Amino acid sequence: MSDEPRFRSDMTVELVKHSAADTDVLWAARVSTAGEQSLEELTKDPERSRGLINYLMRDRHGSPFEHNSMTFFISAPLFVFREFHRHRVGWCLAGDSEVTLVSEAGHLRREKISELYQQWHHGVEDRLPWSAGGVTWHRTAGKWQAQVSRQHTTHHLGLFDSREAAEATVLEFREQHPSTRLRNLGSVRRNHVRCYDEETLQAQRAQIADVYESGVKRLIKLATSGGRELRCSVDHAILTPGGWRKAGELAPGDQVMATGTAPRPTERLVPPSLRRGIGVWTSMQRERLIGERDTCHLCAGEFPREELALDHVVPVVEDLRTALDETNLAPACEACHAAKSAREQAGARRGGMISVARPETVTAVVEDGEEMTYDLSVEGPWHNFLADGIVVHNSYNEESGRYRRLEPVFYVPDAERKLVQQGRPGKYEFVAGTAEQHTLVSKAMTDSYRQAYAAYQEMLAAGVAREVARATLPVGLYSSMYATCNARSLMHFLGLRTQHELAKVPSFPQREIELVGERMEAEWARLMPLTYAAFNANGRVAP
């Protein structure tokens, strides 16, 4: 692929999979009054079906529109994707759901997702308070002494006959003189979660990409035989022995995957004498197989030969037959080689226990009200995390600049893009720009993109990690993602991100996100024509 920047003005939207039809709405709406019905029974009276869907839309009965799913592949500039963060599928957790975080050393701690959201976006309370002190016994006076040290000044609050009176005085002082402050901590944004390899079911570690507040949603509570409880939306994806399933589809007797342990498999270790022999043979190939300046196959950084080692791509402890296979050797920088070797040695230990996902039986599924919900976006390759001990999925997976070099494809608006903004906030009107303005926009953007991408390449060539180097790239860079939604969340999205003559509430979206919305809307209209017609007939307001 060429490193010369390329420029686009279009958006790509493809429906890659779905389980969405008007009958999903009818089933959900009629199950409470008529029980399970056949498809033939549901569709034999089209006008009755049309009327029921229109009634549900008009009277804002939203939950029947959530029992479906559509997954879109989208290629667009980064600034377009930021709009999706407010329009989650409904794969959301209650605020008191505890997410399992894991440190680099492997230490675990649990934190409520609502608190994680506050820390992520607004900072955390300082753990070193401005005021100290409290209540002590004054031996000479024979009374309880109240004093507080605040900002290097000691405040003597008096002597009291009872401890309760002294403590009340200290509490009153601290309420009048708050002792905590909020500060943003960079470490909060480097948090990692416990996740699981979906093939081996062994525990892994993945970085959090973002934490979202997803709006007020209807919740259900799942209880398991292991004593776990998870409160989430009906559409939240949960890992089961048979794959991913929606929480609302589960019933008592079904199984979900939860955190657990298992004996570490006993593996044959490579004898020390054989390991030394393999090491000598590998060193002999170094001059021949590593160039004077070569690329680390693990981090893609370029290094001089003296900073590179030959690494067995398939570890020797996994397949001894590859030990003397030249095609299994590749250059690796010192840091990557040391980290990979440590992991391989740890995996070769005998005995002990490892953390794995194990099945637990669902014992109860009950409605649990409505409240504010939250969700995480987690870096790949396993887009899952542990919530209240149960393995759940996230619904927004964007291309990651941590794992691959980002391609130089950038957004430049075409001549049809209106450039001039008129009016006050909330009443903006965009009008066409002049030929001179279009020329200026095109030149300024392309020059900026070329300079930014050249800086990105320069950092990569110097061995800077991709996750650091990508910071120089602008939001006009094209990326790609998979976005999953149901009809209700899509209607919310379309109500805000498209302009339409039938809309009761006017919207003024950025044109680029509107282009994406229009193409998603066209796919949805084809899948659920009755629901789409009811949406338009009722002013394009989501139920």
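The values are calculated or read from the model by the stated rules, or taken from the named source; none is laboratory data. Bear in mind that the values here come from a model prediction, so they are computed numbers and not experimental data. Counting neighbours? That spans all protein chains shown, and the Cβs are built from the backbone with ideal geometry, glycine included. When the accessible area is computed, the model is the full protein with side chains, heavy atoms only, and any ligands, DNA or RNA have been set aside. Shrake-Rupley method; radii C 1.70, N 1.55, O 1.52, S 1.80 Å.
Separation of segment 484-516 from segment 158-179 is 55 Å, based on Cα centroids.
Over segment 188-241, one equal point on each Cα, no solvent: what is log10 I(q)/I(0) by the Debye formula at q = 0.12, 0.17 Å⁻¹? Debye output, listed in q order: -0.42, -0.84.
Report the full-extension gain for the segment Arg424 to Arg343: residue separation times 0.36 nm, less the Cα-Cα distance, to one decimal in nm. Could you put the intermediate results ahead of the total?
Working: separation 81, 0.36 × 81 = 29.16 nm, distance 5.81 nm.
23.3 nm is the gain from fully extending Arg424 to Arg343.
Scanning the chain for long hydrophobic helices, with DSSP H runs required to stretch 27 angstrom or more by C-alpha along their axis and to average at least -1.0 on the Kyte-Doolittle scale, returns 435-461.
In this entry, segment 231-341 is assigned a mean projected area of 11.3 nm², taken as a quarter of its C-alpha convex hull surface. Residues whose amide H falls under 5 Å from that of Ala209, counting only those 5 or more places apart or on a different chain, are Ser377, Val378, Glu379, with hydrogens built in the peptide plane. Each residue of segment 306-318 is assigned a 3J(HN,Hα), and the resulting list reads 5, 9, 10, 10, 8, 10, 7, 4, 8, x, 4, 5, 8 Hz, derived from the Karplus form 6.51 cos²θ - 1.76 cosθ + 1.60 (θ = phi - 60°), x at Gly and Pro. Near the amide H of Asn68, within less than 5 Å, lie the amide hydrogens of Ala487, all on another chain or at least 5 residues away, with H placed in the peptide plane. Residues whose amide H comes within less than 5 Å of that of Cys232, counting only those at least five positions distant or on another chain, are Ala94, Ile220, Leu222 (H built at 1.01 Å from N in the peptide plane). In this simple spin-label approximation, Glu111 and Arg205 carry label points 7 Å from Cα along the Cα→Cβ vector, and these lie 1.5 nm apart. Figure note: Ser479, Ser63 ranked by solvent-accessible area, largest first, 1.4 Å probe, ligands and nucleic acids not counted: Ser63, Ser479.
To the nearest 10, the accessible area of Val16 is 70 Å² with a 1.4 Å probe. Kindly flag which residue pairs out of Lys17/Lys504; Lys17/Lys418; Lys17/Lys112; Lys112/Lys340; Lys17/Lys221; Lys221/Lys246 have an alpha-carbon separation exceeding 23 Å in this structure. The answer is Lys17/Lys504; Lys17/Lys418; Lys17/Lys112; Lys112/Lys340; Lys17/Lys221.
Legend: residues Arg58, Arg404, Arg286, Arg540, sorted from most to least accessible area (1.4 Å probe; ligands, DNA and RNA excluded), read Arg58, Arg404, Arg286, Arg540. On a per residue basis, segment 481-543 carries 40 Å² of accessible surface, using protein heavy atoms and a 1.4 Å probe.
Computed from Cα atoms alone, the Kirkwood hydrodynamic radius reported for segment 391-536 is 18.5 Å.
Remark: the chain carries a charge dipole of roughly 1020 debye about the Cα centre, counting +1 on each Lys and Arg Cβ and -1 on each Asp and Glu Cβ. Ranking Phe410, Phe79 from most to least accessible surface, computed with a 1.4 Å probe over the protein chains only, gives Phe79, Phe410.
The 3J(HN,Hα) values that the Karplus relation (6.51, -1.76, 1.60; θ = phi - 60°) gives for segment 414-422 are, in residue order, 7, 5, 7, 6, 6, 10, 9, 9, 10 Hz. Gly and Pro appear as x. Rolling a 1.4 Å probe over the protein chains gives Asp325 an accessible area of about 60 Å².
Counting protein heavy atoms only, the chain has 51 percent of its accessible area on carbon and sulfur, 1.4 angstrom probe. Once divided by 2.2 N^0.38 Å, the Cα radius of gyration of the chain becomes 1.22. Across all directions, the shadow cast by the convex hull of segment 413-476 built on its C-alpha atoms averages 5.8 square nanometres. Taking the DSSP bridge list for the chain and keeping only pairs wholly inside it, about 95 percent are antiparallel. Temperature 25 °C, viscosity 0.890 mPa s: under these conditions the Stokes-Einstein estimate for segment 481-541, based on its Kirkwood radius over C-alpha pairs, is 210 µm² per second.
Once the C-beta distance of Tyr55 and Asp414 is scaled by a Förster radius of 60 Å, the resulting FRET efficiency is 0.90 to the nearest 0.05. Each Cα pair under 8 Å and six or more residues apart adds its separation to the average, and for the chain the resulting relative contact order is 23 percent.
Ligands, DNA and RNA excluded, the heavy atoms of Ser214 present near 20 Å² of accessible surface to a 1.4 Å solvent probe.
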